[in-house]
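Here's the structure we're looking at; comments come further down.
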Amino acid sequence: MDAVLTARGIDKAFFGVKVLDGVDFDLHGGEIHALLGENGAGKSTLVKILTGAYRRDAGTMQLGGISVEPRSVAEAQDLGIGTVYQEVNLLENLTVAENLYLGRQPRRYGLIRRARMRDDARALLTRYGIDADPDETLAHYPVAVRQIIAIARAVDLSGKVLFLDEPTASLDAREVQALFTVLRQLRAQGMAIVIITHFLEQVYQIADRVTVLRNGRMVGSRAIADLPRRDLVALMLGRELAEATGQRDPDATPPDTPAAFRFQGYGKRGSIAPFDLDIRPGEVVGIAGLLGSGRTETARLLFGIDRADSGQATVDGQPVTLTSPEDAIRLGFGMCPEERKSDGIVGDLSLRQNIVLALQARRGWAHPVPRREADALAERYIKALDIRPPDPNRPIKFLSGGNQQKAILARWLATDPRLLILDEPTRGIDIGAHAEIINLIARLRADGMALVVISSEIEELVAYSSRIVVLSDRHHVRELRGDQINAQAIVDAMAQPGAAA
Ligand SMILES: Nc1ncnc2c1ncn2[C@@H]1O[C@H](COP(=O)(O)OP(=O)(O)OP(=O)(O)O)[C@@H](O)[C@H]1O
Ligand SMILES: [Mg+2]
């Protein structure tokens, strides 16, 4: 089969540092091709070059045998190359239809044909099985739906080639399957699809071929059928990795200490039904549930981002009010959010400044964290979390997605919180760093920190949680302890209807 898209000898440097070095890449029509590698390996950069967002320093690129040089994303789209980037860029205040047709609204006599746009949008949404109203603003929908809308837009725009940079990061299992159904349809129509993901199960489920990048070099391109998982991991990391087994960590057992943090009848109408939750120092309370089950809403209440309209919170037996994150931070809480782009990183600030930000907020802006202390903290957490490149002065927007995620975690660790809430701490993190973060959670627990960890990775929760709270339909439906904790029990509880509980 002839390649639709061929790239040869692609080089790219930022600030004199080479991040892509002579990369070759071949993409065929009618294939789903996974682009894999560790955080910072160069995956997003390669995609940005092939889709016109960045200019390459050297190399050639051909589409259908003809040399092309897309100078912008729009030019690439005109050539038939569509993209959904790692950080979705849609406009929250516009409607679903406007987002789908942004920049190409159907017009007559220079006027936008709203009715036509709405009808087209409805047809497109139906085709991709998206349950969304074309006239509703995008802000109304959860990240997962926005993601699928971004994909529908890109697919509709591009004819031949589609690039998806971590499209499944915010999707639950059912939505991933819906997306894969769409991708298989497109493949059957002859489209060439490139997908970046850190979920290897998904690679084996959907990909025909994989190309692996390591430190900016292409280290292998294989048919997935010829590549056992162990070999793939070794190719990505350049070493072997003992895979997580989902075995319970025997030290996860809850300690026999009183609960320092208690939430009783805590809830917020329309968001999460009232729940009781006790958290002890030295334990991890895992929170499981499907997307939309109320996991993030629970975290937002615990951290004071949303205000509870029922119930009572106490810390060390004293009633406390949590009306803002500032209150929570003052009480020694920390929270690493799910949505790092909107809630997390401050792009123009350096890695060091991003790391000390929460500590600074706790101490108050009138008392700047001394430079020497900031340097020490940055150095410590860059090392502990293996943030790359390890340059504290670099604006964080220049770090790869996974490394930004680690920096947000570092920010909360730097405040040395008594209670740390982690929402999807390993999302977007490569499998090597994944294992390190799981070890870190166990270490923090052993050091006596109280943790609440929300994760879609059930095996992970089983490994490190002392107790597991399962949510369904915005209710806390089940708490699993000790021998009750296993993946099957969690899945069963997740399927339980919440309102009936
Ligand atoms: N605009 C930029 N300016 C400077 N450096 C950059 C820029 N974009 C990326 N880099 C650097 O290039 C390297 C590759 O980053 P890239 O985003 O391509 O990684 P990735 O493989 O997509 O990683 P992840 O899995 O974490 O998303 C990283 O070291 C990153 O810091
Ligand atoms: Mg990336």
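The values are calculated or read from the model by the stated rules, or taken from the named source; none is laboratory data. Just so it is clear, the structure is predicted and the values come from calculations on it, not from any experiment. For neighbour counting, all protein chains shown are included, and Cβ atoms are generated from backbone atoms with ideal geometry for every residue, glycine included. The area values use the complete protein model at the heavy-atom level, side chains included, leaving out ligands, DNA and RNA. Shrake-Rupley method; radii C 1.70, N 1.55, O 1.52, S 1.80 Å.
For the reader, a short list of remarks on this structure follows.
- Rounded to the nearest 10 square angstrom, ASP2 shows an accessible area of 140 square angstrom against a 1.4 Å probe.
- Legend: calculated FRET efficiency, ASP309 to PHE180, from the Cβ-Cβ distance at R0 = 45 Å, rounded to 0.05, equals 0.70.
- Positive contributions from Lys and Arg (+1) and negative ones from Asp and Glu (-1), summed over other residues with Cβ under 11 Å from the Cβ of TYR54, come out at +4.
- Inter-probe distance in nm under a simple model that places probes 7 Å from Cα toward Cβ, at GLN496 and GLN62: 6.1 nm
- Net charge of neighbours whose Cβ lies under 14 Å from the Cβ of PRO319, counting Lys and Arg as +1 and Asp and Glu as -1: -1
- Note, ³J(HN,Hα) from phi for region 319-328, Karplus 6.51, -1.76, 1.60, rounded to Hz, x at Gly and Pro: x, 10, 10, 10, 10, 7, x, 4, 4, 4
- Mean accessible surface per residue for the chain, computed with a 1.4 Å probe while every protein chain stays in place, in Å²: 43 Å²
- Placing a pseudo-label 7 Å from each Cα along the Cα-to-Cβ vector at ASP348 and GLU436 gives an inter-label distance of 3.0 nm.
- Take 468-476, 303-311 and order them by the average number of nearby Cβ atoms within 10 Å per residue, most first; the result is 468-476, 303-311.
- With a simple spin-label model that places each label point 7 Å from the Cα along the Cα-to-Cβ direction, the separation between THR137 and ARG107 comes to 2.5 nm.
- Residue among PRO134, ASN215, TYR109 farthest towards the positive dipole end of the chain, charges placed on Cβ: TYR109
- The per residue volume of the convex hull around the alpha-carbon atoms of region 342-416 is 82 Å³.
- Using alpha carbons only: equivalent-ellipsoid semi-axes of region 197-303, gyration tensor based, whole Å: 41, 19, 12
- Remark: region 86-177 carries a charge dipole of roughly 660 debye about the Cα centre, counting +1 on each Lys and Arg Cβ and -1 on each Asp and Glu Cβ.
- Net charge, ASP21 excluded, C-beta distance under 12 Å - Lys, Arg +1, Asp, Glu -1: +2
- Heavy-atom accessible area ranking, 1.4 Å probe, most first, across TRP365, TRP412: TRP365, TRP412
- The order of the peptides 194-206, 348-360, 58-70 by mean Cβ neighbours within 10 Å, most packed first, is 348-360, 194-206, 58-70.
- Point-charge dipole on Cβ atoms (K/R +1, D/E -1) for region 342-416, about Cα centre, debye to 20: 60 debye
- Members of LYS18/LYS160; LYS12/LYS406; LYS43/LYS160; LYS160/LYS397 lying beyond 26 Å, as alpha-carbon distances in this model show: LYS18/LYS160; LYS160/LYS397
- Here the chain is treated as a Stokes sphere of Kirkwood radius computed over C-alpha pairs; at 4 °C and 1.567 mPa s its diffusion coefficient rounds to 54 µm²/s.
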